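Asker: So that we are looking at the same thing, I have put the structure below in structure tokens.
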Amino acid sequence: MDNEYWMNYALALAERASDEGEVPVGAVLVRDGLVLGEGWNQPIAHHDPSAHAEIMAMRNAGAAVENYRLPGTTLYVTLEPCVMCAGAMLHARVDKLVFGAFDPKTGAAGSVFDILKDPRHYHQVAVEGGILQAQCAEQLQAFFRERRQAKKQAAIDSP
């Protein structure tokens with residue numbers, strides 16, 4: 001199983017978020033070829049601003065292994081993580097991040113901030129971005145395109 005396999009797995013999780021009306025981001029945390037935890041964006045459903053896909057995957061993994069430290073793991077996520085999620089990866093001691101689409105507005109894995117490789121931290125996370133980038137970006141773009149279209153239609157339909 002390679003990066004594309006796991007990114008496709010994360011894309012399927014992102015679709016769950018989309019189906020629930022959440023921004024379609026999916027994440028899966030893997031160690032030695034086994035899924036430890038998975039997640040998709042759920043801040044609306046959970047009324048929780050921290051319920052990002054990455055956080056949900058790490059929470060599920062931590063519960064599964066009964067430890068908040070997750071060494072030897074790789075986190076696959078469809079969108080470059082934000083600062084909050086990058087910080088959680090550092091605290092969990094995730095070894096590697098593999099992401100799909102770059103986030104030029106708030107990305108914290110090199111696009112805007114480089115939180116994960118900052119030498120001032122005790123732990124650094126290896127980063128590989130752009131895996132299935134086109135598919136990951138299209139999934140997000142389609143979601144927001146549909147939302148804008150629905151909003152325009154609602155404005156037309158209302159008196």
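The values are calculated or read from the model by the stated rules, or taken from the named source; none is laboratory data. None of the values given here were measured: they were computed from a predicted structure. Note: ideal-geometry Cβ built from the backbone for every residue, glycine included; neighbour counts use all protein chains shown. All accessible areas refer to the heavy atoms of the entire protein, side chains included, with ligands and DNA or RNA removed. Shrake-Rupley method; radii C 1.70, N 1.55, O 1.52, S 1.80 Å.
Asker: First compute the accessible area of the chain with a 1.4 Å probe, then give the percent of it belonging to carbon and sulfur atoms.
Answerer: 54 percent
Asker: OK, next. Note the listed values (i) 15.9, 59; (ii) 23.6, 76; (iii) 13.9, 41, then indicate which one is Rg and Dmax of the Cα atoms in Å calculated from this particular structure.
Answerer: Matching the structure shown: (i).
Asker: Here is a follow-up. Residue farthest toward the positive end of the dipole of region 42-127, with Cβ of Lys/Arg at +1 and Asp/Glu at -1: which of Gly110, Cys85, Thr73?
Answerer: Most positive-ward Cα: Thr73.
Asker: Which percent, nearest 5, of DSSP beta bridges in the chain are antiparallel?
Answerer: In the chain, DSSP labels about 55 percent of beta bridges as antiparallel.
Asker: Moving to a separate point now. Between region 16-88 and region 1-15, what is the C-alpha centre distance in whole Å?
Answerer: If we compute the Cα centre of each part, the gap is 13 Å.
Asker: Restricting to Cα pairs below 8 Å that are 6+ residues apart, what does the relative contact order work out to for the chain? Please round to a whole percent.
Answerer: Worked out over the chain, it gives 18 percent.
Asker: Quick one: net charge around Phe99, please, counting Lys, Arg +1 and Asp, Glu -1 for every other residue with C-beta under 11 Å from its C-beta.
Answerer: Value of the local net charge: -3.
Asker: Per the helix-only calculation at 222 nm, which mean residue ellipticity applies to the chain, given -39500 (n - 2.57) for every DSSP H run of n ≥ 4 and division by its residues, nearest 500 deg cm²/dmol?
Answerer: After summing the helix terms and dividing by the residues of the chain, the value is -14000 deg cm²/dmol.
Asker: Could you give the dipole magnitude of the chain about its Cα centre, charging the beta-carbon of Lys and Arg +1 and that of Asp and Glu -1, in debye to the nearest 20?
Answerer: Rounded to the nearest 20 debye, it is 380 debye.
Asker: Over region 75-159, what is the percentage of antiparallel beta bridges among all DSSP beta bridges, to the nearest 5?
Answerer: Beta bridges within region 75-159, antiparallel portion: roughly 10 percent.
Asker: Which one of Ile156, Gly130, Ala64 is farthest out on the positive end of the charge dipole of the chain, using unit charges on Cβ (Lys, Arg +1; Asp, Glu -1) and the Cα centre as origin?
Answerer: Ile156
Asker: Determine, for each peptide in 46-57, 71-82, the mean count of other beta carbons within 10 angstrom over its residues, then list the peptides with the highest first.
Answerer: Final packing ranking: 71-82, 46-57.
Asker: Please give every one of the aspartates and glutamates within straight-line cross-link reach of Lys117, meaning a C-alpha to C-alpha distance under 18 Å, and leave out same-chain neighbours fewer than 8 residues apart.
Answerer: Excluding near neighbours in sequence, the set is Glu54, Glu80, Asp95, Asp103, Glu128.
Asker: Contact order normalised by length for region 20-94, with contacts defined as Cα pairs under 8 Å and 6 or more residues apart; what percent is it?
Answerer: In percent, rounded to a whole number, it is 32.
Asker: Among residues other than Ala51 whose Cβ falls under 14 Å from its Cβ, what is the net charge (Lys/Arg +1, Asp/Glu -1)?
Answerer: -3
Asker: Let me ask something else. First select every other residue whose beta carbon is under 9 angstrom from the beta carbon of Cys82; then total the charges, Lys and Arg +1, Asp and Glu -1.
Answerer: -3
Asker: Taking the Cα centre as origin and putting +1 on Lys and Arg beta-carbons and -1 on Asp and Glu beta-carbons, what dipole magnitude results for region 22-76, to the nearest 20 debye?
Answerer: The dipole magnitude comes to about 120 debye.
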